[in-house]
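Trainee: My questions will all concern the structure given below.
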């Protein structure tokens, strides 16, 4: 197994397949949609609705229609279009905030053997166990640590995103806006890197011992999956 491949077996009982609660599966897929939507809006605003490109296009199209617009007017219209996309990005951010709160609350209500923190602790403990268990636990521990980093990135993105969304109400902290925006953008790239690594890991897992791991995240991990 490579370090990025998700583990299909239960680290506590290696002879059994992992179980995923309906709530966790719902969070996983909705979170995927929300993060994808958020990243798509960033991609759109950095390409299709980029202020410089769009303002030039608007000015050219108006001139073709016999209307004259100054560079500032065209830029203002382009900026308004860009802002509308950022509004959608902000809504996705609110959804991500709700999903993060839901995931944190879910950790308290999950069955004991499905709690993320418990699985992380057990993987660490079994890493010091006998060789057969250590091999599974070492891989599980590595995967869980990667997921831990992902959760931390989500927390940072949500906090910085909310700061930017409510910056008008946080005038006293306006001096750090640029730094907060840089951190938010940097974390976005790290989340994108995680998605790429995660998809690659799932692809590799499906071709090896953990075949069926995607269907397990849909049906909950039935023994006959």
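Trainee: Can we say residue 41 is within 27 Å of residue 156 (Cα to Cα) and outside any helix (DSSP H, G or I)?
Mentor: No: the conditions fail for residue 41.
Trainee: Still on this structure: Quick one: which of 189, 94 is assigned by TED's automatic domain parsing to the domain that holds residue 51 and under 19 Å from the mean Cα position of the chain (by Cα)?
Mentor: So the residue among 189, 94 that is assigned by TED's automatic domain parsing to the domain that holds residue 51 and under 19 Å from the mean Cα position of the chain (by Cα) is 94.
Trainee: Of the residues 172, 209, 193, which is at pLDDT below 90 and assigned to a helix (DSSP H, G or I)?
Mentor: Just a single option satisfies the conditions, and that option is 172.
Trainee: Does any residue of segment 114-134 turn out to be modelled with pLDDT of 90 or more, touching a helix residue (DSSP H, G or I) at 6+ places or on another chain (Cβ under 9 Å), surrounded by 14 or more Cβ atoms within 10 Å (Cβ to Cβ) and within 20 Å of residue 31 (Cβ to Cβ)?
Mentor: No, there is no match, as no residue in segment 114-134 is modelled with pLDDT of 90 or more, touching a helix residue (DSSP H, G or I) at 6+ places or on another chain (Cβ under 9 Å), surrounded by 14 or more Cβ atoms within 10 Å (Cβ to Cβ) and within 20 Å of residue 31 (Cβ to Cβ).
Trainee: For the subset of segment 67-80 comprising residues that are closer than 27 Å to residue 157 by Cα and surrounded by fewer than 18 Cβ atoms within 10 Å (Cβ to Cβ), which member is modelled with the highest pLDDT?
Mentor: Of everything passing the filter in segment 67-80, 80 is modelled with the highest pLDDT.
Trainee: Quick one: would you say residue 181 is at pLDDT below 90 and in a helix (DSSP H, G or I)?
Mentor: no
The values are calculated or read from the model by the stated rules, or taken from the named source; none is laboratory data. Note that the structure is predicted; figures quoted are calculated from it, not measured. Positions of Cβ are backbone-derived with ideal geometry, glycine not excepted, and every protein chain shown enters the neighbour counts.
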